[in-house]
1. Could you pull the Cα extents of segment 199-340 along its three principal axes, largest to smallest, in whole Å?
2. Cα convex hull of segment 85-232: mean projected area in nm², to one decimal?
3. Cα axis of helix 106-123 to longest principal axis of the chain: angle in degrees, 0 to 90, nearest 10?
4. Could you work out how far helix 306-320 tilts from the main Cα principal axis of the chain, as a 0 to 90 degree angle to the nearest 10?
5. Given R₀ = 45 Å, FRET efficiency for Ser70-Val231 by Cβ-Cβ distance, to 0.05?
6. Which value results for Rg/Rh of segment 59-106 when Rg is the Cα radius of gyration and Rh the Kirkwood radius based on the inverse mean 1/r?
7. On full extension of the chain, what length is gained from Met356 through His32, given 0.36 nm per residue of separation minus the C-alpha to C-alpha distance?
8. Could you go through segment 160-166 in sequence order and give the Karplus-derived ³J(HN,Hα) for each residue, using 6.51 cos²θ - 1.76 cosθ + 1.60 with θ = phi - 60°, rounded to whole Hz, and x for Gly and Pro?
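The values are calculated or read from the model by the stated rules, or taken from the named source; none is laboratory data. Predicted, not measured: the structure shown is a model, and the values here were computed from it. In this analysis, Cβ positions are derived from the backbone assuming ideal geometry, glycine residues included, and neighbour counts consider all displayed protein chains. Note: areas computed on protein heavy atoms with side chains; ligands, DNA, RNA excluded. Shrake-Rupley method; radii C 1.70, N 1.55, O 1.52, S 1.80 Å.
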Amino acid sequence: MPIKNRLAELHDEITGWRRDLHEHPEILFDTHRTSAVVAEKLTEFGCDEVVTGIGKTGVVGVIRGKANGSGKVIGLRADMDALPIHEQTGLPYASKTDGAMHACGHDGHTAMLLGAAKYLAETRNFDGTVVVIFQPAEEGGGGGREMCNDGMMDRWNIQEVYGMHNWPGRPVGSFAIRPGPFFAATDLIEIECEGKGGHAAKPQETVDTTLMAAHLVTALQSIVSRNADPVGNIVVSVTSFETSSKAFNVIPQRVSIKGTVRTLSNELRDLAETRMQAICDGVAATFGGTIRLDYFRNYPVMVNHDEQTAFAAEVAKSVSGDCDEAPLVMGGEDFAFMLEERPGAYILVGNGDTAMVHHPEYNFDDEAIPAGCSWWAELVEKRMPAA
């Protein structure tokens with residue numbers, strides 16, 4: 001694997017950064033320690049500009065090349081936040097914060113981009129400007145949206161933007177990518193079913209919300225099985241069902257339902273919301289109760305741009321010798337907001353035979369660090385070659 005020599009030399013140091021971040025996970029926008037560590041290191045590396053507080057707790061570093069005749073500006077993004085999971089790895093550097101864990105490898109992403117930033121600040125062997133972006137709150141908080149809303153793209157005149165995520169099950173340090181829709185739009189649903197509570201022995205005197213809600217959960221699956229094109233990509237999942245009474249002999253007044261809808265096209269997204277409202281109205285009318293649907297459009301479909309994807313794959317091949325076609329992913333990724341504002345691409349780097357992300361036994365494989373760092377650095381040097 002043709003890893004850059006300097007990054008191979010930095011492997012142990014970057015691993016140390018990663019494990020320190022792993023020991024101190026922070027959730028959503030509360031990445032205060034992580035952001036401070038990142039800003040301190042970028043300053044230490046000699047970045048030309050280091051700015052904190054972008055998108056609440058995001059950090060941006062600017063590195064100018066030996067020349068700027070090209071006028072190009074490329075953004076490189078890593079996420080910093082952890083998950084509300086209790087770690088069960090038993091590692092010596094396991095989380096010291098109960099109920100928080102880097103279970104998605106964002107500690108690895110941050111460390112790899114820091115390693116690339118150190119290399120780029122040392123060598124500056126490119127013609128243009130690099131903007132390294134360290135984002136909070138990828139795990140549901142929309143930190144990417146917040147950084148964009150803070151004017152990040154225009155403030156630094158970012159012209160293209162690239163992201164990376166580790167992927168368990170792929171060989172360590174290998175790469176995979178695909179053009180077009182890649183990660184799904186992830187929408188949230190909250191449903192309140194209201195009926196008429198009463199004694200379980202006298203159902204005729206009630207409007208049974210439990211029965212109504214049970215039929216609703218089943219009917220919602222008809223969106224996937226009977227409304228959407230069978231070759232489309234859509235998932236409707238009800239993940240929480242809670243009644244207003246816990247008694248054995250009470251028909252509850254209310255039932256609250258939560259869930260998620262995942263789609264890979266705007267057309268399917270519109271269809272899901274429209275049909276869901278119609279089903280709620282119909283079930284409510286059938287059983288004589290009321291149903292209120294709150295449909296929250298969260299992360300959009302993450303769409304890789306064709307030209308940038310081809311370039312990112314070319315760089316991956318130069319680092320690892322190959323780059324596979326990645327599968328479609330029904331998980332969400334808020335790098336989608338950045339790709340809506342600027343052309344760019346998102347790539348997967350192999351994490352080996354580990355537990356899957358979002359699992360309490362997951363751990364980022366530090367052997368992937370040289371490949372990830374080299375991909376970032378090579379991308380810059382190939383996209384903005386020095387004269």
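1. 72, 28, 24
2. Values: hull surface 68.3 nm².
Across all orientations, segment 85-232 yields a mean hull projection of 17.1 nm².
3. 20 degrees
4. With rounding to tens, the tilt is 60 degrees.
5. E between Ser70 and Val231, to the nearest 0.05, is 0.60.
6. That ratio is 1.27, to two decimals.
7. Stretched out fully, the Met356 to His32 stretch lengthens by 114.0 nm.
8. Working through the residues one at a time gives 9, 9, 10, x, 8, 9, 5 Hz.
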